[in-house]
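Before any comments, here is the structure.
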Amino acid sequence: MFGTRAIIDLDALTHNYNSMRQLIAPNVKITGVVKANAYGHDLVTIGKHLETLGVDYLGVANIREGKALRISGIKCPIIVMGYTFEKDYDLAVKHDITLTLFSLEEARKLNLNASYDDKKAKIHLKFDTGFNRLGYKDPEELIESLEACLTYEFIIVEGIFTHLALDSIESDEAQFAKFEALMKQLREKHISVPLKHACDSIATIAYPDKHYDMVRLGAILYGYCSRKTPFNLKPVMSLKTNVTQVKTLEVGEAVGYDRLFVAQRRTKIAVLPIGYADGLPRSLSGKGRVMINGLLVPIVGLMCMDQCMIDVTEAGEVSLGTEVTLFDDTSPQLLELAKLAETNRNELLARIAMRVPREFIENGSETFVIDYLEDRESQYGDTSS
Ligand SMILES: Cc1ncc(COP(=O)(O)O)c(C=O)c1O
């Protein structure tokens, strides 16, 4: 392909998933976290690929992501890890999507909703052990809800989970201690819940004895983890584009809005068809570096919505069409861009825009392209002629 595109290497995903599967005890399940368009890699393609690899659950942030997976034909369990509004309970029941709950009132309403269809609604209860996002803060309240849910005819309690702040070993240990105290209370009451889980990617690597019944893996499947892993991770996404114009600036000539970059020497500038609306943070203006002809060169001037300019004076032969790599699987560019933009890799990946086509590699060669804008054409038809 030519132009701005994200290249998604499904072989790398397979490698990362299989490596994690081998690292984790066979009785511990894996949720593959595919929320936010699978961190920008394409929700349905990644969901399907993980399903073929044998993933136990797919984790999404909201019911609409869950529904999209289901209607694409995915059969494996799907859990919404975020909040689901009551109006969407029927979707969860209809599409057999597991919900995260943290109030008895909501469980009661979900039970009622599922009873209308004579179907079971599946839930995980969320315990807030210190992150202070979603979840029961009071373990007694959670136990009370759980005991009630276990009597509800149309509710199946599949799991209980928490999420770690990952600030320090001490704070993580305090969270694990709260979680384990809850599990002890449940054991004493002879209440058994199949899936207890707490670890995301970092915690799965950092706390191998805290995997409980399931781990929830996002970033590490996409090839990134800020902890050292016992195997090499393979980044799944590369972001590439091609030069659209090259020009030479004389000393004193400036580039772009606000004339932010002024040439101090005769400067060769290349224009790229990628800007902040494609997912490159505007804060990389004048800071980020991209790879061209094997050399890292600076982004100069203010990043535009759809384009940016790079200084290719030292980069050898550059002309219309020369390939430019924003980040790929062989260099630490994504981490560098994330640091310069004062964000993390997840955010950069998840914000790759809808208009950037995703080109998929499988078994070493390009297989198919997903272009969300072309999907619109299939939705509405081409009325231009
Ligand atoms: C509840 C929950 N579990 C697991 C994950 C996966 O995290 P990571 O991408 O760090 O593995 C997330 C992502 O933010 C999450 O919100």
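Miscellaneous remarks
- Selected residue (only one of Leu50, Leu13, Leu110, Leu99 is open to solvent by less than 10 Å² (accessible area, probe 1.4 Å), within 14 Å of the ligand (Cβ to nearest atom) and either over 15 Å from the mean Cα position of the chain (by Cα) or not hydrophobic (A, V, I, L, M, F, W, C) (or both)): Leu99
- Region 319-342 - residue that is assigned to a loop (DSSP other than H, G, I, E, B) and open to solvent by 80 Å² or more (accessible area, probe 1.4 Å) and, of those, nearest to Pro235 (Cα to Cα): Thr330
- Extreme residue, least open to solvent (accessible area, probe 1.4 Å), among residues of region 305-318 that are assigned to a loop (DSSP other than H, G, I, E, B) and under 22 Å from Val356 (Cα atoms): Asp306
- Output for region 158-191, where each listed residue is closer than 17 Å to Glu144 by Cβ and assigned to a loop (DSSP other than H, G, I, E, B): Lys189, His190, Ile191
- Residue match in region 83-91 (condition: crowded, with 19+ Cβ neighbours inside 10 Å, in the same structural domain as Tyr17 (by TED's automatic domain parsing) and farther than 24 Å from Val215 by Cβ): yes
- Verdict on Leu334 being modelled with pLDDT of 95 or more and touching a Phe, Trp or Tyr at 6+ places or on another chain (Cβ under 6 Å): no
- Scanning region 186-203 turns up at least one residue that is closer than 22 Å to Leu58 by Cα, away from the ligand (no atom under 16 Å from the Cβ) and in contact (Cβ under 8 Å) with a residue 40 or more places away in the chain.
Residues are listed down the side, and each one gets a yes or a no for (1) over 16 Å from Thr162 (Cβ atoms); (2) open to solvent by 20 Å² or more (accessible area, probe 1.4 Å):
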| residue | (1), (2) |
| --- | --- |
| Phe179 | no, no |
| Gln185 | no, yes |
| Leu195 | no, no |
| Gln264 | yes, yes |
| Ala270 | yes, no |
| Lys287 | yes, yes |
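The values are calculated or read from the model by the stated rules, or taken from the named source; none is laboratory data. Owing to the predicted nature of the structure, the values given are computational and were not obtained by experimental measurement. A quick note on method: Cβ atoms are made from the backbone with ideal geometry, for glycine too, and the neighbour counts reach across all protein chains shown. Keep in mind that these areas ignore ligands, DNA and RNA; they rest on the heavy atoms of the full protein, side chains included. Shrake-Rupley method; radii C 1.70, N 1.55, O 1.52, S 1.80 Å.
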